[in-house]
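The values are calculated or read from the model by the stated rules, or taken from the named source; none is laboratory data. In this text, all values refer to a predicted model and were calculated from it rather than measured experimentally. Counting neighbours? That spans all protein chains shown, and the Cβs are built from the backbone with ideal geometry, glycine included.
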Amino acid sequence: MQNISPGRLVLAVALVLSCVVIGLSAPLVFEFDANEFKLSNVAVFAAARDGHEILAPVDIIPRLRTQLERGTIGLTPFQGNGAKQGQALDSGVPKDGSARLLIDGGVFRIGGKAAQSSEAADAEAAQLVEALRKLNFQSAAIRNSTVEIAMPDGRIETLTSVAAEVQANRRSSVTIRGTGNLRGQEVSFELSAHPVLDGSTAASLPLKLRVKAPLLEVSFDGRVSVSDALDLQGRVEVAMSDLRAVARWFGARWPSGPGLQSAAIKGDFDWQGPALAFDQATFRMDGNEATGTLAVSFTGENPAFTGTLAMQSLDLTPYLSAGGGGDQLSALLAWARSNEGDLSEYLATQVDADLRVSAGRLSVGQWSFGRFAASLSLKKGRVLADVAEIGIDSGRASGQLTADLSKSLPQVSIRAKLEDIDAANASMALLGHSAVHGLSNIAVDLAADGQTVSQLVKGAHGKVTFSLYEGGRLGIDVKGLLAAAQNGGIEGWGTAIRGQTAVDDLEAKFRVDKGIMASELVEAKLGDSMLKAVGTISLQSRQVDLRLLMDALPEKAAEDKAAREVLVFRGPWAAPSITLER
């Protein structure tokens, strides 16, 4: 099944309704040739009760490829000239435009390749259809009808159970108000067009359209023109209460998940063929607001989005969990360690995109960042997210995420560089408390494959480096831990995390394999001493197996004959068992 963007609701409904009104008002927009208008007694005959039945397609306006394929056309039960529905038109359709028409059980076919129309001459039916085509009526009621529309990409959208009232005034406007059923949802609409005077060379028609459905509302004010298919240009406002539900309404396999709920668009709108474009537009999504341009094309296997969006602020909190929660970055890591959702079902496999996004401020839960600029490319499940800049504290971060979700076993890699970062915030996100304080540089180069996010965490491999410069502090009191461990092992950090240990500098290099961080080099200089760490930390279970030893600097080692004391940490990082080893 072809994936269909929620924007297609705008296209389908606008096209259906605008075709109906154009079909009725075309003689005021285009030059009318009476020789084009021919009916056949093979196609139309006087029904016994309900008027004149259409048995074969009749052109309403050939140039728009709009036909009434079947149905019944007649006068309403009461006419000012005394004629009744189904009654012969002895005096003809009133020439003063006071006729009231009725189309019952009609099937309208709009667009697509030109279909063959019947030709004949039933005078009574011809008068009714001519009145319809030339807007020579006061009102027309459409009942129990269906509108089938051939979309530019070859699909057929169908509006069923159509009930509408058409009010016509050759000098001012045509207005259609009514309801119909689109893909199981009831849609109400109001459409008005301002006729162009006969003889005008104008190639487009002013058009206003308002549509209301349970999931969205649409308002369009612009112009419609016709080539091989309809083109719409103007200002549009679209409001959706649940974007994912709208997408599923139109057949897209968008999964459930956090965010992508309330959405709205307001701006210049241009639809030509299977492509939509919004310019000088405002976009609102889950509390975020952006301005810029956005185009959507339906020519490929997936709908493709292209655009440039700028925001004053971007809040990613609604996208962290099903409840829109996640009040800190550690919650995101906790989610990653436990999430079992199938990556092949992620939205990135359902759409293509080439987007540029910038924001003056970025927030995730309780965390706030500075300027943000990134580009996103999605193509058949292959993802490239390039973050040019994120302002963090007084520093900055950049990085790149690549993923191929189209493979049987999805592959993901991430490279990130953080400079002049407050180490306290970084360690809080990773470990749950501030293990290090001071300005730091961090580099991450990780890759993994797996069917779920938790499998990616378990299978991660690569490198992580960390450096602390210009002095800093460890978030534990090392000497206090040594003293507390003298009389036997202790459980948990106890009072040690209430104190700190000053260091002159710190350098750490970790090798990551199967989700386990193993130390290659972890050294901190404390005056004349060197603090070293050797061991592992599990990204998945957060279990630690570390040995922390205090030693003299090499140039002081000969003078310091004291026995080395080693602290051993084993168990969960939040509360490990700590013992002293000599």
- Message: Show me the strands (runs of 3 or more DSSP E) found entirely inside the range 198-257 where at least 2 residues are among the small types (G, A, S) and at pLDDT 80 or above.
- Response: 216-226, 230-240
- List, please: which pairs have Cβ atoms under 6 Å, are six or more places apart or on different chains, and start with a residue in the range 291-315 that is outside the structural domain of S358 (by TED's automatic domain parsing) and among the aliphatic types (A, V, I, L, M) and end with one that is surrounded by 15 or more Cβ atoms within 10 Å (Cβ to Cβ) and part of a loop (DSSP other than H, G, I, E, B)? V296/S5; V296/P303
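To keep it simple, each residue is scored yes or no on (1) surrounded by 15 or more Cβ atoms within 10 Å (Cβ to Cβ); (2) among the hydrophobic types (A, V, I, L, M, F, W, C); (3) in contact with a Phe, Trp or Tyr (Cβ under 7 Å, 6 or more places away or on another chain); (4) at pLDDT below 85.
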| site | (1), (2), (3), (4) |
| --- | --- |
| K509 | yes, no, no, no |
| D513 | no, no, no, no |
| E523 | yes, no, no, no |
| A557 | no, yes, no, yes |
- Query: Of all residues in the range 64-112 being of a type in the set (D, E, K, R) and crowded, with 16+ Cβ neighbours inside 10 Å, which is modelled with the highest pLDDT?
  - Reply: D104
- Only one of L409, L378 is more than 21 Å from the chain's Cα centre (by Cα) and either surrounded by 18 or more Cβ atoms within 10 Å (Cβ to Cβ) or of a type outside the set (V, I, T) (or both), namely L409
- Residue check for L260: of a type outside the set (D, E), crowded, with 16+ Cβ neighbours inside 10 Å, modelled with pLDDT under 90 and under 14 Å from the mean Cα position of the chain (by Cα): yes
- Message: Can you find, within the range 511-544, the residue that is nearest to S454 (Cα to Cα) among those that are in contact with a helix residue (DSSP H, G or I) (Cβ under 9 Å, 6 or more places away or on another chain) and hydrophobic (A, V, I, L, M, F, W, C)?
- Response: L539
- Item | Out of T282, T299, T308, sole residue that is surrounded by fewer than 20 Cβ atoms within 10 Å (Cβ to Cβ), among the polar types (S, T, N, Q) and assigned to a loop (DSSP other than H, G, I, E, B) | T299
- Message: Being hydrophobic (A, V, I, L, M, F, W, C) and in contact (Cβ under 8 Å) with a residue 60 or more places away in the chain is the filter here; which residues of the range 264-290 pass it?
- Response: W271, L276, A290
